[in-house]
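As structure tokens, the structure follows; a few thoughts come after it.
The values are calculated or read from the model by the stated rules, or taken from the named source; none is laboratory data. Here the structure is a predicted model, which is why all the values come from computation and not from measurement. Positions of Cβ are generated from backbone atoms using ideal geometry, with glycine treated the same way; all protein chains shown enter the neighbour counts.
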Amino acid sequence: MKKYFFTGFITLLPIALTIIIVSWLFHLFTAPLAGITESILLAYEKNLGLSLENHDKLVLFLSRIFALILLLILILLLGFCGQRFLINFFLKIADRIFSHIPLVRTIYRLSSDITKAVFSENKKTFKETVLIPFPHQDSLAIGLVTGETPAIFKQGGIPKTELAVFVPTAPHPMSGFVLLVQKKMVFPVDVSVEDAFKFLISCGVVHPGEHIPTKDQEKI
């Protein structure tokens, strides 16, 4: 019974996590437009041949679907404009507006800088995977080199460092520590960033380069 339970749990967990993450992203991106689409839906329900009275959950679901469609159209339009000059015009306006609002400007600039750094086509966020002594000299942690130490951190009597290394936590690698270290302190390893994240998320269960076979593959 115990064996069957864990087999079912392992089978169900990836599906459940995928649904939870997709659902969270769906609500995150559609929430700002849901109110607008819900109002439009209720205003034109008769023209659409719908009767939505006493169907609050259906109205909420449909409004989210329409909000997602509207968001996708908006993204495509922005992408199209991005190939032209209009996107720069809108970005300048947004920058001027948000840059003059206390607190909002800090959030805007931080999110803008992070987005450009992470999603830039000409720049890799993580350059290579390394091992680094952390949290003490007798243990090694997985680190991801993000670049060179900023020049401002090399001034005065600050000890010389050369690399900025992100050390993610497990099983939630989106948080971690940023270390400024000398090159001699890191040990490059032939592990892709993707495999390094798999290793961390699985808490060391899934090894780099390892493929976990399914039940059908095990029988072959």
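Report whether or not Gly209 is modelled with pLDDT under 85 and either over 30 Å from Ile10 (Cα atoms) or surrounded by 10 or more Cβ atoms within 10 Å (Cβ to Cβ) (or both). Answer is yes for this residue. Looking at the stretch 180-201, is at least one residue over 26 Å from the mean Cα position of the chain (by Cα), without any contact (Cβ under 8 Å) to a residue 12 or more places away in the chain and assigned to a loop (DSSP other than H, G, I, E, B)? No: zero hits.
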